[in-house]
Amino acid sequence: MFLVLCCVIILSENVNAATENQACSEGETICAAPNVEKKLYAIKQRIAQAMANYESCSTDVADVNCTCHAAVIKKDLAPYKSTGLSRKMLENAAKYGTRYKIYKQQLYRDENCMFPARCQGIEHFLLQLLPQLPDMDLVINTRDYPQLQSAFRGQDAAVFSFSKTQEHHDIMYPAWTFWAGGPATKLHPTGIGRWDLMREKLRNSADAIAWNDKQALGFFRGSRTSDERDSLVLLSRRRPELVNAQYTKNQAWKSLKDTLNQAPAQEASFEDHCQYKYLFNFRGVAASFRLKHLFLCKSLVFHVGDEWQEFFYPQLKPWVHYVPLQSYPSEQQYEELIEFFKNHDELAQQIATNGYDFIWQHLRMEDISCYWRKLLKRYKKLLKYEVQPDKQMKFVGGAKDEL
Ligand code: UDP
């Protein structure tokens, strides 16, 4: 029986090989066809599987208790579960960020904050939550880059950072930019903050243009914070009918090299992105803030690389909410995927709608506040010492000053 089965398998493999060889001898386009078809089939399979396996993160549609993102808190705090957090660990952490203290429902901070607008964006949420928060010390890193690389440091410090990779054990917090602070662009000179307002604006822009009226074109505008973006920009120069991707100028721009040897393009507003069907996200220095905005256009989001995370990324699922691409995609990989979705428009629209729905439903301002509250309450449980007042620290605000 086993022998028969083996023969059938070998036979069918030979038949396939023969068909492929035959096709190959007929000319190159036909020769390539079986592979292309296999690739297309594989993409369809991945989408079907991902959608079939997807389970909504909350049974409560309103997710009032922000359960959707809760697993991230557990994971980020896990390194400290057995040891807890000592006063010494917090002292060790001080050099990596700004020290904050919550004491008797009042918020204190180091006198100086490296990026005042970023601190303001963070403090907005902390002040709001003071009536619900116990005493604690915490160190918040306001730089883009995480601070605690697991390979070089033991768990002798705890630092909150907005973004990290698997290689870091920083504790992720919702970035300042949900309320205030950079990145600043020409269109948003004081920063792209106020996610609550942006959500409404983008929803209106998305509603103003039906899927079928969007241009079936890939679109990207941004600076060259990582050369991972180069191949898309190069593809755009070679095939402008498929992709419109250009580098813009940021504050660090020095020469044409920073825009890949072409003049910088004009910046495009987030709202303008909604005119295009296919939008692209890449890491920058760390995770880029653009990802959440792109989803609200109800366009199809291509997300390159899965290394750099923000707290809400783990609940976004590849092929369900977005199209994943490995880091440093080739021009050909972009071409194949864009062509695929041009030919499978209904799948593109389905994924775009899923992505929009997730961000609209589970990345509301109340989800950000809820995440901060849960995170800080659980973090506090790890502190092994009694929090003391510190006269050197600056008073930021109290529970009665709640916004
Ligand atoms: N941005 C934009 N329009 C542009 C260029 C940039 O809206 O024409 C936004 C972009 O989406 C991101 C922010 O400005 O949220 C900073 O983008 P950049 O590419 O400069 O840096 P990143 O943080 O992505 O590395």
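The table for this structure:
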{"read-out": "So residue 285, is it in contact with a Gly (Cβ under 9 Å, 6 or more places away or on another chain) and farther than 24 Å from residue 196 by Cα", "value": "no"}
{"read-out": "Single condition residue 93 does not satisfy, out of (1) open to solvent by less than 50 Å² (accessible area, probe 1.4 Å); (2) at pLDDT 95 or above; (3) in contact with an Asp or Glu (Cβ under 8 Å, 6 or more places away or on another chain)", "value": "(3)"}
{"read-out": "Of the criteria (1) within 11 Å of the ligand (Cβ to nearest atom); (2) touching a Phe, Trp or Tyr at 6+ places or on another chain (Cβ under 7 Å); (3) open to solvent by 50 Å² or more (accessible area, probe 1.4 Å), which one residue 246 fails", "value": "(2)"}
{"read-out": "Single condition residue 177 does not satisfy, out of (1) at pLDDT 90 or above; (2) part of a loop (DSSP other than H, G, I, E, B)", "value": "(2)"}
{"read-out": "Residue match in the range 68-79 (condition: in contact with a Cys (Cβ under 7 Å, 6 or more places away or on another chain) and either open to solvent by 20 Å² or more (accessible area, probe 1.4 Å) or part of a helix (DSSP H, G or I) (or both))", "value": "yes"}
{"read-out": "Only one of 143, 118, 194 that is charged (D, E, K, R), touching a residue at least 60 places away in the same chain (Cβ under 8 Å) and either within 16 Å of the ligand (Cβ to nearest atom) or crowded, with 19+ Cβ neighbours inside 10 Å (or both)", "value": "118"}
{"read-out": "Qualifying residue in the range 42-53 (condition: in contact with a Leu (Cβ under 9 Å, 6 or more places away or on another chain) and either among the aromatic types (Phe, Trp, Tyr) or at pLDDT below 90 (or both))", "value": "no"}
{"read-out": "Residues located in the range 273-293, provided they are assigned to a helix (DSSP H, G or I) and near the ligand (Cβ under 8 Å from one of its atoms)", "value": "273, 290, 293"}
{"read-out": "Residue 171 being over 30 Å from residue 342 (Cβ atoms) and of a type outside the set (Gly, Ala, Ser)", "value": "yes"}
{"read-out": "Conditions (1) open to solvent by less than 30 Å² (accessible area, probe 1.4 Å); (2) more than 22 Å from the chain's Cα centre (by Cα); (3) within 16 Å of the ligand (Cβ to nearest atom); (4) hydrophobic (A, V, I, L, M, F, W, C); number of the one not met by residue 252", "value": "(1)"}
{"read-out": "Among residues of the range 146-189, those that are within 13 Å of the ligand (Cβ to nearest atom) and open to solvent by 10 Å² or more (accessible area, probe 1.4 Å), counted", "value": "8"}
{"read-out": "Filter result (among the small types (Gly, Ala, Ser) and loosely packed, with under 12 Cβ neighbours inside 10 Å) within the range 376-397", "value": "none"}
{"read-out": "Within the range 129-167, considering residues that are more than 20 Å from the chain's Cα centre (by Cα) and of a type in the set (Asp, Glu), the one farthest from residue 108 (Cα to Cα)", "value": "156"}
{"read-out": "Selection within the range 218-243 - more than 16 Å from the ligand (Cβ to nearest atom) and crowded, with 21+ Cβ neighbours inside 10 Å", "value": "235"}
{"read-out": "Count - residues of the range 296-307 that are under 19 Å from residue 243 (Cβ atoms) and not aliphatic (A, V, I, L, M)", "value": "5"}
{"read-out": "Of the criteria (1) within 13 Å of the ligand (Cβ to nearest atom); (2) under 27 Å from residue 350 (Cα atoms), which one residue 215 fails", "value": "(1)"}
{"read-out": "Those residues of the range 288-304 which are touching a residue at least 24 places away in the same chain (Cβ under 8 Å) and open to solvent by 10 Å² or more (accessible area, probe 1.4 Å), in sequence order", "value": "288, 289, 290, 298"}
{"read-out": "Condition check for residue 170: over 19 Å from the mean Cα position of the chain (by Cα) and at pLDDT 95 or above", "value": "no"}
{"read-out": "Of all residues in the range 208-217 being touching a residue at least 40 places away in the same chain (Cβ under 8 Å) and among the hydrophobic types (A, V, I, L, M, F, W, C), the one that is most open to solvent (accessible area, probe 1.4 Å)", "value": "208"}
{"read-out": "Selected residue (criterion: most open to solvent (accessible area, probe 1.4 Å)) from residues of the range 260-286 that are under 19 Å from the mean Cα position of the chain (by Cα), farther than 21 Å from residue 361 by Cβ and among the aliphatic types (A, V, I, L, M)", "value": "285"}
{"read-out": "Qualifying residue in the range 330-337 (condition: within 16 Å of the ligand (Cβ to nearest atom) and buried (at least 21 other Cβ atoms within 10 Å of the Cβ))", "value": "no"}
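The values are calculated or read from the model by the stated rules, or taken from the named source; none is laboratory data. Because the structure is predicted, anything quoted here is derived from the model rather than measured. Every residue, glycine among them, receives a Cβ derived from its backbone with ideal geometry; neighbour counts consider all protein chains shown. Heavy atoms of the whole protein, side chains included, go into the accessibility calculation; ligands, DNA and RNA do not. Shrake-Rupley method; radii C 1.70, N 1.55, O 1.52, S 1.80 Å.
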